[in-house]
Amino acid sequence: MNRAPILQMVKSAAIPAAAILIIGYFASAALIGPNGLFALGGYRAQLKDKQAQLKAAQDYRATLRHRAELLDPRHVDADYGDEIVRRTTGQVRPDEVIIPRD
């Protein structure tokens, strides 16, 4: 039995087979890996969620900026200052209604 042709055929097929396996590995990683094509939908959902969180944080920051402007030492808003003092000292009840006057 002559093994030389079989051995020669295996040697000549080893490099292309290894190349095919390597290409297959990278192709599968590009599709189903953690940063692959199938993960793109998850990234879009995360982006939408993060954008909503950013919008909420920006709105809250604007609210805080407005409150800080109301408490500016040069011209404190009297109504807001009174509201803070009453809330801090426990003089506001949950059922209380504030009626603004002119």
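How many residues, within segment 13-34, are exposed (fewer than 10 other Cβ atoms within 10 Å of the Cβ) and outside any helix (DSSP H, G or I)?
So the count comes out to 1.
Under 6 Å between Cβ atoms, which residue pairs at least 6 apart in sequence (or on different chains) link something in segment 54-70 that is surrounded by 10 or more Cβ atoms within 10 Å (Cβ to Cβ) with a partner that is in a helix (DSSP H, G or I)?
Pairs found: Leu70/Tyr80.
Considering Gln58, Gln51, which residue is closer than 30 Å to Ala29 by Cα and out of contact with any Ser or Thr (no Cβ under 8 Å at 6 or more places or on another chain)?
Gln51
Is it true that some residue in segment 44-62 is of a type in the set (A, V, I, L, M, F, W, C) and not in a helix (DSSP H, G or I)?
Looking through segment 44-62, none of the residues is of a type in the set (A, V, I, L, M, F, W, C) and not in a helix (DSSP H, G or I).
Considering only residues that are charged (D, E, K, R) and closer than 30 Å to Tyr80 by Cα, look in segment 18-67 and name the one that is nearest to the chain's Cα centre (by Cα).
In this case the residue turns out to be Lys55.
Please work out if Asp72 is acidic (Asp, Glu) and part of a helix (DSSP H, G or I).
When the stated conditions are applied, Asp72 does not pass them.
Take segment 75-86 and flag every residue that is closer than 20 Å to Val97 by Cα and either of a type in the set (A, V, I, L, M) or part of a helix (DSSP H, G or I) (or both).
Within segment 75-86, Ala78, Asp79, Tyr80, Gly81, Asp82, Glu83, Ile84, Val85, Arg86 qualify.
So which residues in segment 1-12 are of a type outside the set (Lys, Arg) and assigned to a helix (DSSP H, G or I)?
Of everything in segment 1-12, those that are of a type outside the set (Lys, Arg) and assigned to a helix (DSSP H, G or I) turn out to be Ala4, Pro5, Ile6, Leu7, Gln8, Met9, Val10, Ser12.
Out of all the residues in segment 75-91, is one or more without any contact (Cβ under 8 Å) to a residue 60 or more places away in the chain and at positive phi?
Yes: segment 75-91 contains one or more residues that are without any contact (Cβ under 8 Å) to a residue 60 or more places away in the chain and at positive phi.
Computed from the coordinates by the stated procedures, all read-outs in this text should not be read as laboratory data. Note that this is a predicted model, so its numbers are computed, not measured. Cβ: placed from backbone, ideal geometry, glycine included. Neighbour counts: every protein chain shown.
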